[in-house]
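Reading through the structure tokens given below for one structure.
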Amino acid sequence: MLVSLEALAGAKGKAKFWVLPVFEGDQILLRKYDVEKTAKAWGFSGKKGQAAAVTASSGQPILLVGAGSRKELSAEGVRVLIAKSITHGALQSAQPANVLFIAAGLQAETIPTEHLVEALAEGAVLGSYTFNRFKAKGTEKDALPFTPARWMVALDKVRALDRQRFAAGLTMAKWTNWGRDLLNQSQSHITATRLAEAARRAAAQFRGVRCAILGRREIEKLKMGLLLAVNQGSSEPPRFIELHYSGGRKGDAPICLIGKGLTYDTGGYNLKPGDSMKDMHMDKGGAIGVLATFFAAVELKVKKNLICLVPSTDNRIGGNAFVAGDVFVGLGGISVEIDNTDAEGRLVLADALAYAARFKPSHIVDMATLTGAAVVALGDEASALFSNDDALANGILQHAEPAGELLWRMPLWDKYNDKIKSNVADIKNAGDRWGGAITAALFLKRFVPEKSRWAHIDMAGKMKVRPGFPYAPAGLGHGFGPLLLARWLREL
Ligand code: BES
Ligand code: MN
Ligand code: ZN
């Protein structure tokens, strides 16, 4: 689906099918489009969630969608509105080649124009995402929603800044969908090697990106003992993905993104029960999130020096697998007692954090589907943010609203370090049952390079799409990350 931004006057003739969002009670708009009476007959008043397919007396088919109160419109509301329009029955059965989405009336005081324009682009690209790679063509109609060839978003006037913002929205959403395609393939298709290949292929699209894929030998040479420990039970070799982009001044300290790249997490010998294991091919959600963020930022020509690091393996059982009670030393030189083989994410991240030290990053942001405890604490629509720096934390939090994310800062209480004290090693990899998201973050903190501002996002709750979510297929991978972090990078 080609998504474009158009000036309303010129675009009207280019599409047979129109979508018209209407604020609650906006009779003037309904009159202007000559659909006031039919709207009334359908009981359409512009309330949020309402939709009505009507025909103007000119014969023009128009899908009216309720935008709710003018005082409550948000960027997220815009994305939802568009996604719902695309999947609406009237559009699905009419199957128009071109659709005109009339956003001209959507400007409201509650939403800055730049956020509106970005969300208009994101909603269309994300809302039309489907994953049909493994389905026989045409057999399952429901699984193959129709998407028009062109989706034209119309404003009264299109300024240069609007074009720029619209393009930024398209870019962030495009890389989100790129990530979703990887996320939705399990270990049988996306191993650590394949994940690295996908990153390398993406990197090759850009001149300024340097990509290094470290294999087992190099990982051994670097003494990444914690990534290797998790990998011991796997029949697949580990990979460490390293990407560099120099958009900033030479010599400027880089910003480092790190993502947990577990292509499958069985739990290891602390084996997960079947129900909890089922979705664990999406345990690479953090890796996908930072990779998509990195490529979006590069495409947006962010003026920063960026580094993206992804430690990747699966976590399995087998004759060589690590077990609880083992002790390993990672790249940082800190010894770790394995308390639980299912607390593997923090192990691979620890080696990546320690590795990051050599680049002397000003900021490090890591993202991981790290703990079930984060989901227990905040629910399955939110992510937990931890940081050793208020400015960094607030800088990220500020973009949660336009990105449509629920993000909540959690504490790094020193006291809980007692929970991860080991009798035999410097630290152990799991605490007791309580405050599990915090002890996981405290574990990571031990490996953070001293002078770096650091933020950790535990996104376990946003690994998979909840039923009823409007702009991604339920049960599949979310693609959390780029909408939030590419915004942050751009405005940092
Ligand atoms: N990948 C899981 C966390 C997870 C759980 C992500 C549910 C998404 C949904 C992680 O590796 C894990 O298993 N964490 C353990 C830690 C515990 C053993 C200390 C957990 O949360 O139970
Ligand atoms: Mn685990
Ligand atoms: Zn895991």
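The values are calculated or read from the model by the stated rules, or taken from the named source; none is laboratory data. It should be emphasised that the depicted structure is a prediction, and the values quoted were computed from it without experimental measurement. Here Cβ is always computed from backbone atoms with ideal geometry, including for glycine, and neighbour counts include all displayed protein chains. Each accessible area value is taken on the protein alone, full model and side chains, heavy atoms only, with ligands, DNA and RNA left out. Shrake-Rupley method; radii C 1.70, N 1.55, O 1.52, S 1.80 Å.
At-a-glance table
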read-out: With every protein chain in place, region 2-158: carbon and sulfur % of accessible area (1.4 Å); value: 52 percent
read-out: Entries in LYS250/LYS303; LYS223/LYS415; LYS48/LYS71 that, when Cα-Cα distance is taken, lie over 22 Å; value: LYS223/LYS415
read-out: Spin-label pair ARG249/ALA41, simplified geometry with 7 Å Cα→Cβ offset, distance in nm; value: 6.7 nm
read-out: Label point distance in nm, THR113-ARG133, each placed 7 Å from Cα along Cα→Cβ; value: 4.0 nm
read-out: Coil-residue trypsin sites (Lys or Arg not before Pro) of region 218-279, DSSP, other Cβ within 10 Å capped at 13; value: ARG249, LYS250, LYS278
read-out: Top positive-direction residue, dipole computed over the chain with Cβ charges, set PHE443, ILE241, ASN423; value: ILE241
read-out: Proximal aspartates and glutamates relative to LYS137, as straight alpha-carbon distance under 19 Å, when same-chain residues fewer than 8 apart are discounted; value: ASP181
read-out: Part-to-part distance (alpha-carbon centres) for region 120-134 and region 408-466, which is given in Å; value: 34 Å
read-out: Relative contact order of the chain, defined on C-alpha pairs under 8 angstrom at six or more residues apart (%); value: 15 percent
read-out: Carbon + sulfur, % of accessible area of region 302-377 - ligands and nucleic acids excluded, 1.4 Å; value: 51 percent
read-out: Helix 192-203 axis, angle to the chain major axis (alpha carbon atoms, nearest 10°); value: 50 degrees
read-out: Nearest 10 degrees, 0 to 90: helix 113-127 Cα axis against the chain principal axis; value: 80 degrees
read-out: Cα centroid separation - region 352-384 against region 57-116, whole Å; value: 35 Å
read-out: At R0 = 45 Å, FRET efficiency that the Cβ-Cβ distance of GLU24 and ARG201 yields, to 0.05; value: 0.45
read-out: Violating pairs (Cα-Cα greater than 18 angstrom) within the set LYS278/LYS462; LYS221/LYS451; LYS12/LYS32; LYS360/LYS451; value: LYS221/LYS451
read-out: For the chain, calculated [θ]222 nm from helices alone, where every DSSP H run of n ≥ 4 adds -39500 (n - 2.57); value: -10000 deg cm²/dmol
read-out: Heavy-atom surface of region 331-433, accessible at 1.4 Å and reported per residue (Å²); value: 41 Å²
read-out: Percent of beta bridges antiparallel (DSSP, region 1-138, rounded to nearest 5); value: 35 percent
read-out: Using θ = phi - 60° and Karplus 6.51 cos²θ - 1.76 cosθ + 1.60, couplings along region 296-309 (whole Hz; Gly, Pro as x); value: 4, 5, 5, 5, 7, 6, 4, 8, 9, 8, 10, 10, 10, 10
read-out: Accessible area (Å², per residue) of region 2-158, counting only protein heavy atoms and a probe of 1.4 Å; value: 47 Å²
read-out: Per-pair calculated FRET efficiency, R0 = 25 Å: ARG358 and LYS301 via Cβ, rounded to 0.05; value: 0.45
read-out: Cleavage-rule hits (GluC sites (Glu not before Pro)) in region 286-391: DSSP loop, at most 12 neighbouring Cβ within 10 angstrom; value: GLU381
read-out: ³J(HN,Hα) computed for each position of region 54-60 - Karplus, 6.51 cos²θ - 1.76 cosθ + 1.60, integer Hz, glycine/proline x; value: 10, 10, 6, 5, 6, x, 6
read-out: Dipole axis of the chain (+1 Lys, Arg; -1 Asp, Glu on Cβ), positive-most option in MET224, ALA67, GLY379; value: ALA67
read-out: Cα gyration tensor, region 169-255 - rounded (a/c under 1.5), prolate or oblate; value: oblate
read-out: Helix axis angle, 436-445 relative to the chain longest principal axis, alpha carbon, degrees; value: 70 degrees
read-out: Point-to-point label distance, GLU401-VAL329, nm (Cα→Cβ direction, 7 Å offset); value: 5.0 nm
read-out: Cα gyration tensor shape of region 89-226, rounded if a/c is under 1.5, else prolate or oblate by comparing a/b with b/c; value: oblate
read-out: Largest-first ellipsoid semi-axes for the chain, taking √(5λ) over the Cα gyration tensor eigenvalues, angstrom; value: 44, 22, 21
read-out: Residue-level accessible surface for TYR245, protein heavy atoms, 1.4 Å, Å²; value: 30 Å²
read-out: HN-Hα J in Hz across region 18-33 - Karplus 6.51, -1.76, 1.60, θ = phi - 60°, x for Gly and Pro; value: 10, 10, 10, x, 10, 5, 3, x, 7, 5, 4, 5, 4, 5, 4, 9
read-out: Ranked order, ASP418, ASP351 - accessible area, probe 1.4 Å, largest first; value: ASP418, ASP351
read-out: Shape of region 2-158, Cα gyration tensor, a/c cut at 1.5; value: prolate
read-out: FRET efficiency estimate (nearest 0.05) - Cβ-Cβ, ASP156 to ALA212, R0 45 angstrom; value: 0.40
read-out: Extended-chain gain in nm, criterion 0.36 nm per residue less alpha-carbon gap, GLU450 and ALA7; value: 154.3 nm
